Each structure stands twice: as structure tokens, then as C-alpha cells.
1. Output the residues belonging to the range 227-266 that are within 17 Å of residue 170 (Cβ to Cβ), in contact with an Asp or Glu (Cβ under 8 Å, 6 or more places away or on another chain) and of a type in the set (S, T, N, Q).
2. Kindly indicate the residue of the range 313-341 that is in contact with an Asp or Glu (Cβ under 9 Å, 6 or more places away or on another chain) and closer than 30 Å to residue 186 by Cα and also most open to solvent (accessible area, probe 1.4 Å) among those meeting that condition.
3. Within the bounds of the range 288-299, is there any residue that is of a type in the set (Phe, Trp, Tyr), out of contact with any Asp or Glu (no Cβ under 8 Å at 6 or more places or on another chain) and more than 18 Å from residue 198 (Cα to Cα)?
4. If the requirement is being of a type in the set (Lys, Arg), at pLDDT below 80 and either open to solvent by 30 Å² or more (accessible area, probe 1.4 Å) or outside any loop (DSSP other than H, G, I, E, B) (or both), which of these qualifies: 88, 165?
5. Out of 251, 247, 214, which single residue is crowded, with 19+ Cβ neighbours inside 10 Å, touching a helix residue (DSSP H, G or I) at 6+ places or on another chain (Cβ under 8 Å) and either aliphatic (A, V, I, L, M) or closer than 30 Å to residue 355 by Cβ (or both)?
6. May I ask you to list the residues in the range 168-211 that are hydroxyl-bearing (Ser, Thr, Tyr) and either touching a Cys at 6+ places or on another chain (Cβ under 6 Å) or open to solvent by 40 Å² or more (accessible area, probe 1.4 Å) (or both)?
7. Only one residue in 146, 74 is in contact with a His (Cβ under 8 Å, 6 or more places away or on another chain) and modelled with pLDDT of 80 or more, so which one is that?
8. Scan the range 61-91 for residues that are within 44 Å of the chain's Cα centre (by Cα) and among the polar types (S, T, N, Q) and report the count.
Amino acid sequence: MTTPPDADDVQDTPEEPSAAAAWTPPGTGTAAPPSPEHAAAFAPPAPGPAPAPRRTNRFAIVALLSGIFGLVVFAIGFAIAAFVQAGRRGEKGKGLAAGGLAASAAWITAAVLVLATGVLESGIGDAPQSKGGKPRVTALLAGDCFTDLQDDRTSVYVTKTPCTRPHEGEIGAVVTLADAPYPGDATLLTEATKECRDKAGFLLKSRYSGHLELHIDRPRRAAWVKGHHDVICVLRYTGSEKLTSTLASALQGNLQWTTQLRPGDCIKKWSAADKQPLVECTEPHEYELFAVFTLQGNEYPGEKAIERKADEGCATRAKRLWHGKPPSSADPAFWGPTRDGWESQGSRLVYCMVTGRGGPLKKSVVPH
């Protein structure tokens, strides 16, 4: 058996570290200091002079200020120059140039909004005075006849034609509305419709009245604020044949707009066409009107609510008129606004009437 050599006789070879050195964890144990050559090799470099700070591009500063103060063209030009120059020179300021562009964009957006608001408020400008070679009816006079009507919502265009030649209608009236702030197209249409029916109502007595259609040319906001307050009442005949004479030359009968009815009027037969045939109350008639009143509110309340309010309003007025003793030969009746009339024409009137019990009335039963 071989006796192991003494520890003093064991020598570590240069290529193999000792066991203790090989198993020493990092950061523990004792390590020999590096040689001077190695220490020099791993020493940090000596500090040099500090780099000079980057300058801010002057065009970027000017671009930002120009954008803030609304000088949009200058701001955009200076911003482009700043981007190019700062990138080439390694200068700061691209953020400032971007800020100038953002401020310019804000000014442009504000200008567009102001312009758009102005256009909308002006009613999308004033209507053209001709369309498709046809003049607007503002160039015509009451009594002028026409063909080829074109209704462009607020404006009406026609071809003027002598009334002795075949035509499809005529200008019923020209009405100037009161000077006031622009009320909006819906209110303006309601007022214009009332005025046209008052001024051109006599033409309803024409034998063509059952086929007359009312069109209204009215100013838009832009024209209204300039002082143009005229509305043109245009009556178009929708019968199967063309007209060959004026409406006034064919007057007959005694028709009346529903809105112009008055208490005491006797109506031969109620018409849903908004024009009522009046007769002398000594002649047989279906209804006699005894009161008219106006419902309040903006929104259409519904058919049931209309009926309830009309019934209550007419009953109150009948009691006051006949002192609680209505005629035994008549029954109460009323007519109220429809949804279409309420919303498109501004109709709010209720007509309180009596109708014959068991047959037509043959005399007036309404106290005068």
C-alpha cells in the first residue's frame, strides 16, 4: 500500500488551480491582487472634456410663436425649415416646431367651424333667382299665369305664360310680412300660409277650387336679414286639363277657407279639403259654427287628448252661449287639428258646431 506523500511535497501545476481556489464561490475567499500590468489594462479611461449642449433651432421657436398668434402660413413655413435644419445640424426644437403646427391646425379648425356656422345660420345662402332656365316666382306679379312649376322647398320656379294660353296656375298674391327677427322656416311657413289664405281666399270661389294646390315661395334667412320679407302665394291647378283663363274669371259658389270661418256660418257639408261650402242658414245645411278656440302647446298631444280638450272647450262655450239650454233639434260636434296639420301647418284651432238631429238643419240655431 502506497503511503500518500506529505502535503508539503505536493505542488500545484501552473495549469491547474488548487482545489480550494477552484471551489471558492464568487466574492468569497482571498484572491491574489492583479499584477500591475493587468490592473492597468482594466483601469477606466481618464475623463475627457464634457460635450457641448445641443442648441435649440431658432426656426422652431419662431414656428411655435407664429402658430400661437395665428400666423398660420408663417408657422407652417418655419416649422418645415426647423425640421430640415434641426435634423441636419443635430439641434433641438422638433417638438417646438410640432407645437407650432398643432397651434396652426387649431386656428384652421376654428376658422372652418366659424365659416360652417355662418353658412348654416344663413339658411344655406339665398336661393338662386332662376333654375333650369325658369325664373323664380319673385320676378312675377299677382295674376301672372305659368306652367312647369318646380317647388324647391322654400323657392318656387315657373315658366311665365299668357293666361289665354293653356297653363297650370297663377300667382294668387304677393304678401309682405312684418319686419321682425327671422323666426325660422317652420314659423315663417305657418304665418305665410295664413296670409296667403287671407289674400287669395276669394279665388276659392272659382269653379276650379277643388283642385287648387297652394305653394309658397318665401325668403331664407340670408334674404330675410337683408330686408326681403315678401312671400309669393302660388296656386297650381291639379285637374286633368290645363287652365285657359284666369281663376278670377271662373268665380262661383261661396267657398271659404276653414281658418276663416266665423261663428254663425252655416256649412252645407263639411269638407276635409280645408275649404268649406257656405250657404244661407235658411237653406238645408249640415253644420252651424258657434265657437272657435285655439289649443296651446308645441308638441302634438295625440288624438285622444285633442278629442278630450276639444270636447271640454266646446261644452264650456256651448253652456255659456245657450245658458245651459242647447237647442233640442241639434247635437254638438267639433273638428280639431290632425297630426299633419299640427306639425306641418301649425294648426291649433278647434271648431265647435252643432249638427241637425235626424237630418240637416234648415235654420240658424246659434244666438247672434
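1. Scanning the range 227-266 gives 238, 246.
2. The qualifying residue most open to solvent (accessible area, probe 1.4 Å) is 339.
3. Yes, the range 288-299 contains a residue that is of a type in the set (Phe, Trp, Tyr), out of contact with any Asp or Glu (no Cβ under 8 Å at 6 or more places or on another chain) and more than 18 Å from residue 198 (Cα to Cα).
4. 88
5. Residue meeting the stated conditions: 247.
6. 176, 182, 187, 190
7. The conditions single out 146.
8. The qualifying residues number 1.
The values are calculated or read from the model by the stated rules, or taken from the named source; none is laboratory data. Values in this document were obtained by computation on a predicted structure and should not be read as measured data. Every residue, glycine among them, receives a Cβ derived from its backbone with ideal geometry; neighbour counts consider all protein chains shown. The accessibility values were calculated without ligands, DNA or RNA, using every heavy atom of the protein model including side chains. Shrake-Rupley method; radii C 1.70, N 1.55, O 1.52, S 1.80 Å.
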